[in-house]
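Everything on this sheet refers to the single structure shown next.
The values are calculated or read from the model by the stated rules, or taken from the named source; none is laboratory data. Only a predicted model underlies this, so the values are computations on that prediction, with no experimental measurement involved. Please note: Cβ atoms are built from the backbone with ideal geometry, for glycine as well, and neighbour counts cover all protein chains shown.
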Amino acid sequence: MTKRIRIPLISISCALMLYIGLGGVLGKGGGNASNEKTYRDLGVYEEVLSRIKQDYVTEPNLQKVTDGAVRGLLESLDPYSTYFTPQEFQEFQAHPQPGPADVGIFPSKKTGYTIVVSVLPGSPAEKAGIKAGDLIDRVENTSTRELSVVQLERLLAGTPGSTLNLWVVKEARGEPQKISVQRELLTHTPVIAKMAVGPSAILAMTGVCVSSSR
């Protein structure tokens, strides 16, 4: 995992609830405009949570609701900020490096969906027909809607030669189809640069630079 991946960790959801409760009181007396706006935003979350408890048709899992709210808050910053529950964080500490092999997919998230941004040339993913713009619906038995980019990249990696089952929606339409790929030790394409000098201009052409997220 590279330095560009930031993993803000919030391990106790009840601390957030306490902060929300105090925010309504502290915000009234504070003179800082920025703090007041923060407390107002937290008040919106408190109101939504109250409506869920009162009006939802079945008894909601408030822990799951809070986890989802915090995860959405962090992932709205960029694709690499994410939230780990205490159990997920323990698993991360136990296995910080998921494995040296990969399938060559570079994913991103958009409105909850996992999109293939690019595929490494010559990788198992390219050989299996996965292309940029495809949607990854599931990795093994896990829906990607529940995963951040960080968690997804950890699932894609593993031991060399191991098989990974993906359910992929081709060209953003149709039903997901199962695609099985084998993880490999990948060599990333180097940057290639060329320069052409003309009578009136200098044209620089640079090849695609692909960087690993691990």
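Of all residues being more than 18 Å from Ser148 (Cα to Cα) and basic (Lys, Arg) in the range 45-94, which is modelled with the lowest pLDDT? Just the residue, please.
For the range 45-94, the residue satisfying everything is Lys53.
Assess whether Asp67 counts as being surrounded by 12 or more Cβ atoms within 10 Å (Cβ to Cβ), under 17 Å from Trp167 (Cα atoms) and out of contact with any His (no Cβ under 8 Å at 6 or more places or on another chain).
Values: surrounded by 12 or more Cβ atoms within 10 Å (Cβ to Cβ): yes; under 17 Å from Trp167 (Cα atoms): no; out of contact with any His (no Cβ under 8 Å at 6 or more places or on another chain): yes.
Considered against the rule, which asks whether it is surrounded by 12 or more Cβ atoms within 10 Å (Cβ to Cβ), under 17 Å from Trp167 (Cα atoms) and out of contact with any His (no Cβ under 8 Å at 6 or more places or on another chain), Asp67 comes out as no.
Pick out the one residue from Ser76, Ser143, Ser118 that is surrounded by 14 or more Cβ atoms within 10 Å (Cβ to Cβ) and not aliphatic (A, V, I, L, M).
Ser118
Just the residues that are of a type in the set (Phe, Trp, Tyr) and within 27 Å of Ser108 (Cα to Cα), please, taken from the range 38-79. Break it down stepwise before answering.
To start, the set of residues in the range 38-79 that are of a type in the set (Phe, Trp, Tyr) comprises 39, 45, 56.
Passing the criteria: only Tyr45.
When the residues of the range 116-162 are narrowed to those that are of a type in the set (Ser, Thr, Tyr) and touching a Lys or Arg at 6+ places or on another chain (Cβ under 8 Å), which ends up nearest to Ser81 (Cα to Cα)?
Kept after step one, since they are of a type in the set (Ser, Thr, Tyr), are these residues of the range 116-162: 118, 123, 142-144, 148, 159, 162.
If we keep only those that are touching a Lys or Arg at 6+ places or on another chain (Cβ under 8 Å) too, we end up with 144, 148, 159, 162.
Details: Thr144: 16, Ser148: 8, Thr159: 25, Ser162: 28 Å.
Checked the range 116-162; the qualifying residue nearest to Ser81 (Cα to Cα) is Ser148.
Of Phe89, Phe84, Phe106, which residue is assigned to a helix (DSSP H, G or I) and of a type in the set (Phe, Trp, Tyr)? Break it down stepwise before answering.
Numbers: Phe84 fails: assigned to a helix (DSSP H, G or I); Phe106 fails: assigned to a helix (DSSP H, G or I).
Unique residue meeting the criteria: Phe89.
Being among the β-branched types (Val, Ile, Thr) and loosely packed, with under 12 Cβ neighbours inside 10 Å is the filter here; which residues of the range 32-47 pass it? First the steps, then the outcome.
Of all residues in the range 32-47, those among the β-branched types (Val, Ile, Thr) come to 38, 44.
Val44 - this is the single residue of the range 32-47 that is among the β-branched types (Val, Ile, Thr) and loosely packed, with under 12 Cβ neighbours inside 10 Å.
Can you tell me which residue within the range 99-115, out of those that are in contact with a Lys or Arg (Cβ under 9 Å, 6 or more places away or on another chain) and free of Cβ contacts under 8 Å to residues at least 40 places away in the same chain, is farthest from Val168 (Cα to Cα)?
Residue satisfying both the conditions and the ranking: Gly112.
Pairs, please: C-beta under 6 Å, at least 6 apart or cross-chain, first residue in a helix (DSSP H, G or I) and in the range 122-150, second exposed (fewer than 13 other Cβ atoms within 10 Å of the Cβ)?
Arg145/Gly112
For the range 151-181, what are the residues that are surrounded by 21 or more Cβ atoms within 10 Å (Cβ to Cβ) and in a strand (DSSP E or B)?
Within the range 151-181, Leu164, Leu166, Val168, Val181 qualify.
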